[in-house]
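S.K.: Have a look at this one before I ask anything.
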């Protein structure tokens, strides 16, 4: 009997030693991850989804007032006009996925103003309309104003769009979303074959929300796992200048000062 008890105890201890790490830290295969995932996959695993409400701190909101608009308009790509915002202050929590509101025969782009400079992205509204619609909706509500690039990995990608990065608690950076989630829009014609692709970060096929990433080069292992919904047309040099950083480390990550939407008629 004593030998049997000793053998049982040894087996139990052995199983405990082999137990895999907690799920919240196991998203390490190849996704751009929210929180501390491996260097090869941008993910947005919201685990317990703490504090995703709009920030109550008075942020230094980018200049979207009428008096500064003419200068901004002068710098827009030819033929584009700025799409009107839907709120004056950042809204960072929604109850449901937005209704479809993209206009037919309209070419959409996004201007991402960062602490290192401007990035302009052509949005792929024809190939990925649901994803572009969500991104446009959030941008028009100032959702992204003053959030951080909380995960920037050299040779891989820059990830941002987590509302938790408006808070000081870095331990929750990378775990937030917009309050709703939706599915993938994978297209065979869109692959992670180059630098400057804008895609959704997620924790699985039905968990797209507010977080996104921009590639620094080919990342073919992400094909079929993330929605590519835009391509950088200006500001590739800004990607090179972004501070390499991974939350919750100390340091000064770069800021998404604002994202606003521009559009023009097609044809």
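The values are calculated or read from the model by the stated rules, or taken from the named source; none is laboratory data. All figures in this text were calculated on a predicted structure; none of them were measured in a lab. All Cβ positions, even for glycine, are placed from backbone atoms using ideal geometry, and neighbour counts span all protein chains on display.
S.K.: Within region 60-82, which residues are surrounded by 13 or more Cβ atoms within 10 Å (Cβ to Cβ), outside any loop (DSSP other than H, G, I, E, B) and modelled with pLDDT under 95? Even if it seems obvious, please write down each step before you answer.
M.R.: Looking only at region 60-82, we keep the residues that are surrounded by 13 or more Cβ atoms within 10 Å (Cβ to Cβ), and these are 61-64, 72, 76-77, 80, 82.
Filter once more, keeping what is outside any loop (DSSP other than H, G, I, E, B): 72, 82.
72, the sole residue that qualifies.
S.K.: Related question: Within region 83-101, can you find the residues that are surrounded by fewer than 17 Cβ atoms within 10 Å (Cβ to Cβ) and either touching a strand residue (DSSP E or B) at 6+ places or on another chain (Cβ under 8 Å) or within 24 Å of residue 239 (Cα to Cα) (or both)?
M.R.: Within region 83-101, 85 is the sole residue that qualifies.
S.K.: Which of the strands (runs of 3 or more DSSP E) contained wholly in region 114-210 include at least 3 residues that are touching a helix residue (DSSP H, G or I) at 6+ places or on another chain (Cβ under 9 Å)? Show your work before the answer.
M.R.: Numbers: elements: 117-123, 151-153, 157-160, 197-200.
Fully inside region 114-210 and qualifying: 117-123, 197-200.
S.K.: Against the condition surrounded by fewer than 20 Cβ atoms within 10 Å (Cβ to Cβ) and touching a strand residue (DSSP E or B) at 6+ places or on another chain (Cβ under 6 Å), how does residue 233 come out, does it pass? Spell out the reasoning first.
M.R.: On the way: surrounded by fewer than 20 Cβ atoms within 10 Å (Cβ to Cβ): yes; touching a strand residue (DSSP E or B) at 6+ places or on another chain (Cβ under 6 Å): yes.
Considered against the rule, which asks whether it is surrounded by fewer than 20 Cβ atoms within 10 Å (Cβ to Cβ) and touching a strand residue (DSSP E or B) at 6+ places or on another chain (Cβ under 6 Å), residue 233 comes out as yes.
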